[in-house]
Amino acid sequence: MIARAAALGIVLLVALLLQAVVAPALSVAGWRPDFILLTVVGLALADGPGPGARYGFVAGLAADLLSGGNHLVGINALVFLLVGDGLGRLRPYLSGTAHAGEAALGGLAGAVAFGLFGVLSLLLDIRQFTWQVLAEGIVATALWTALGSPLAVRPMSALARRFAGGEAAAAGAAAGGPRW
Amino acid sequence: MPEPRRRSRTLLAVLVLVSLILITVDYRQGDGGAVAAIQRGALAVFGPVAEGFATVVRPVGGFFSAVGELGSLRERNAALESDLQELRRQQVHMADVERENAELRAQFDMRQRLGFTTTVGRVIAQPPTSVERSVLLDVGANNGLLPGMAVINEFGLVGKLTEVTAGNARVELLTSPNARYGVRLAETGEQGFLTGRGANPFQLELLDTEAEIEAGAQVVTQLFTGTAIPDGIPVGVIEAPRDASRFLAVRPYVDFTRLTTVQVVLDYPTQPTELPEEERLPSPDLPRPDLDDEP
């Protein structure tokens, strides 16, 4: 359990560093990939809603804490928590390891994540969001996450198997082996 | 409902609640609250780690960024190259304008000092061969120029006009071996004739072959019959004291290899070679000495 937490901690740290350092260089028309969201998507699709939600909460909280004083702490935690849980619940509907399915769910997760973030920001009046920015952000984040999800699912799935303890391990044990 | 699923939903609800509490607390406390302090602490810890990571991966990120921006970088590069060329051209032009401005100011000072009316001529052609000692100006008869007029610059005498067309004029430089000018030493008034010797110093032949001349003595023009060269224009300095030779070497003030603008003296009359007969005044009838009174 501790080894799994430590491994996920390292994954999160790498994702935070990539987000802070590498993501700006990959920016297209001002929109960059969200590596933290990709790890949430990857773990939720690999390990189910429970681990996805817990990891999503911690990852979102870390992102909140490192986002600077103007950012309201808790927003990303709530968004990633809900995305991790929701995506984990959709995991059984993925047939096998179809990349298209992972990309589709990743895209959906990206759109929902940015949409939730935008709506919460508008409700709390903490961002100068416009509907156009919100629409652009939803599309861009959906595209980036759809592209990155098939790549994120592989290593997160391997990690979930290596450090078993999530629902995938339980399901795998019940079925006589890991599903992925 | 199975126990694990209920536990999972409970955990989800708790985490949602924690998130909402965090949002509320941070929203209410603002920058001075505990959550904001934790945020600042997290940034203080993460900052150096991110900086170290950036040192390692920045070249990689830069590569991807450059690949992504390749098209726009090429356009920007081309635009910057164009700007650079334009700035270089302007810089060269500015330096030329500044030099010309300084030259013309100095020439204006010289003109004021000598009290002439002049016109500015731009040297448009240097001699086509290294042995020819003349330059072509961009001004001519349309600007009031006539053959024989003196040409000066800020340092002194440059030469005289030998050929004039409507729009251009040729200046025979002082360095030309064909040129011969009446000059004098400014300090002593010793007079003589100056001859050009190409790239070598001028040759000065004084009328007084035994006068003692010191090195550094200044040579200026002397009015001479049949020429329009004004009096007192600086020419050069004596290079060495007189020795056994009857000639003296004179180093010119003017740098004839860097002529760009000159002044043509318009209002100095050509000195007569002979007095016109009709203008001569009759000699007064002076009383002759009475030789008859002599014993």
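The values are calculated or read from the model by the stated rules, or taken from the named source; none is laboratory data. Not measured: the values here are computed from a predicted model. Here the Cβ positions follow ideal geometry from the backbone for every residue, glycine too, while neighbour counts run over all protein chains shown.
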- Out of B:Glu205, B:Glu277, B:Glu210, B:Glu214, sole residue that is outside the structural domain of B:Phe116 (by TED's automatic domain parsing), of a type outside the set (Lys, Arg) and more than 29 Å from the chain's Cα centre (by Cα): B:Glu277
- Note on the structure: How many residues of region A:123-150 are modelled with pLDDT under 90 and within 14 Å of chain B (Cβ to nearest Cβ)? The answer is 5
- Query: What are the residues in region A:1-49 that are modelled with pLDDT of 90 or more, touching a Ser or Thr at 6+ places or on another chain (Cβ under 6 Å) and more than 25 Å from B:Val56 (Cβ to Cβ), if any?
  - Reply: A:Val41
- Conditions (1) farther than 22 Å from B:Pro272 by Cα; (2) surrounded by 18 or more Cβ atoms within 10 Å (Cβ to Cβ); (3) under 30 Å from the mean Cα position of the chain (by Cα); number of the one not met by B:Tyr181: (1)
- Message: So in region B:23-77, with the set limited to residues that are more than 21 Å from A:Leu13 (Cβ to Cβ), at pLDDT 80 or above and within 9 Å of another protein chain (Cβ to nearest Cβ), which one is nearest to the chain's Cα centre (by Cα)?
- Response: B:Ala36
- Which pairs have Cβ atoms under 7 Å, sit 6 or more apart or on different chains, and link a residue in region B:236-248 that is under 10 Å from B:Ala215 (Cα atoms) and modelled with pLDDT of 85 or more to one that is hydrophobic (A, V, I, L, M, F, W, C) and not in a strand (DSSP E or B)? B:Val237/B:Ala217; B:Ile238/B:Ile213; B:Ile238/B:Ala215; B:Ile238/B:Ala217; B:Glu239/B:Ala215; B:Leu248/B:Ile213
- Message: So, restricting to helices (runs of 4 or more DSSP H) that lie completely within region A:1-120, which ones have at least 3 residues that are crowded, with 23+ Cβ neighbours inside 10 Å?
- Response: A:35-47, A:49-65, A:75-90
